[in-house]
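Here's the structure we're looking at; comments come further down.
Every number here is computed from the coordinates shown, using simple stated rules; none is lab data. These numbers were taken from a predicted model, which means no experiment stands behind them. Cβ placement follows ideal geometry from the backbone for every residue including glycine, while neighbour counts extend to all protein chains displayed.
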Amino acid sequence: MANRSAIEWTEYTWNPVTGCTKISGGCKHCYAQRMSKRLAGRYGYPPDNPFQVTLHPDKLETPLKLRKPGMIFVCSMGDLFHDDVPFHFIDKVFDTMWRTPWHTYQLLTKRPERMVDYILERAYRRHFGWTNYSRGAIAPGDILSFEQILMRDICGYMDISEGKEWACMHPELGDHRGDEYTCASYECPIAYEIGDRETLEEIGVADEYDFDSDGYVQDATEWMRIQSRPRHAWPGNVWLGFSAENQLAFSKRMPIFRRLRWELPKETILFWSYEPAIGPVDTTIPYYAEDTKPNWSPFERYEFSEGSVQLGVPYLNWIVAGGETGPKARNVEPDWIRSVRDQCIGAEIPFFFKHWGGKNKKKTGRMLDDKTWDGMPITHSKAIKNQKT
């Protein structure tokens, strides 16, 4: 089972990867490294170097055992996007997240450059088929026409190179049937034909078909239900975040991370973890880039066009802040937290204050200016009830 978590902004942790290496000032007193020493030689942690980056294939399907919807923090004891985690293993983590749409997954990294590289290369393709159509998330059970799957290459396995004649390159079918092979709905590896009257009535096309006495179409239909993950299909239940502990880290990582806003479906939750807060961060400082406009601010909104409608979506949907914990914790200045909170309020971005940290985080508590700040993005079907204190 996934582990119940004491982290204030989640419910469970899932660690298919553990271990990391320090890359910036926020890593100096790493909680996960301290914890790994207690677990050395147990639960898959190497006995001699427990914080060595370690893959745990036996834990890949852990979330499937949790049938009740939950908020799951992925790799609380490591970084999924560490250089020592191969993309083919990250693929398997994303496959599990796609197969469990009843959960919400929170991914956090100090390596946004590798997160972005992975997502754009392996986890999502914004445009596909013969059009500039931008696809959203695809979930198990979604109903699509065979024409959509084929002509727009929603499956992601179509080979339309010269002489291939729409050959399917899915690994279950391969390329062994020759150049003349054409995709067929009846043997599609990612979806199956829908032939029952009830479902066809639900999508409003039952009048187009003749049914037998058992309520099934007499001939084939073009409607199909997705059953396994299409290549490059984005799981709509995944939140992505980066950690930055001070201005230096934020100014380095945010310009890389923000690319995900216009590459991923606009509904995707993107967030920043300001923990451990070891220095002030001013998000109003303008950044300069050649790709979109001369300057931009991290708390601005990116303008999506949908026909004649312009939708302003924040670069960041959520901010989490907190002080450092542990015996050598560095002090956090209240004005650092207030400043980020006020910037969030001004930009209408949910703000979550985790705790003040210190040697005894329970003693220092979570109160900021006489209240707790428990802002969460409003997307999850089951928001965390009665926020932990």
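Charge tally around VAL332: other residues with Cβ under 12 Å, Lys/Arg +1 each, Asp/Glu -1 each, net -1.
Since only THR13, SER251, GLY365 are under comparison, the one whose Cα sits farthest along the positive direction of the charge dipole of the chain, derived from C-beta charges on Lys, Arg, Asp and Glu, is GLY365. Per-residue ellipticity at 222 nm from helix content only, as computed over the chain with -39500 (n - 2.57) for each DSSP H run of at least four residues, stands at -5000 deg cm²/dmol. Comparing mean-square fluctuations of THR109, THR100, THR21 from a GNM of the chain with C-alpha springs under 10 Å, the top value falls on THR21. Kirkwood radius, the chain, all distinct C-alpha pairs, inverse of mean reciprocal distance: 23.1 Å. Quick note on region 316-362: its Rg to Rh ratio, both from C-alpha atoms and Rh being the Kirkwood radius, is 1.04. Modelled spin-label separation between PHE89 and ASN3, with each label point placed 7 Å from Cα along the Cα-to-Cβ direction: 1.7 nm. In the chain, the longest principal axis of the Cα atoms and the axis of helix 247-257 are about 0 degrees apart.
Build a GNM of the chain with springs between Cα atoms under 10 Å: which of GLU201, GLU147, GLU222 gets the top mean-square fluctuation? The residue that fluctuates most here is GLU201.
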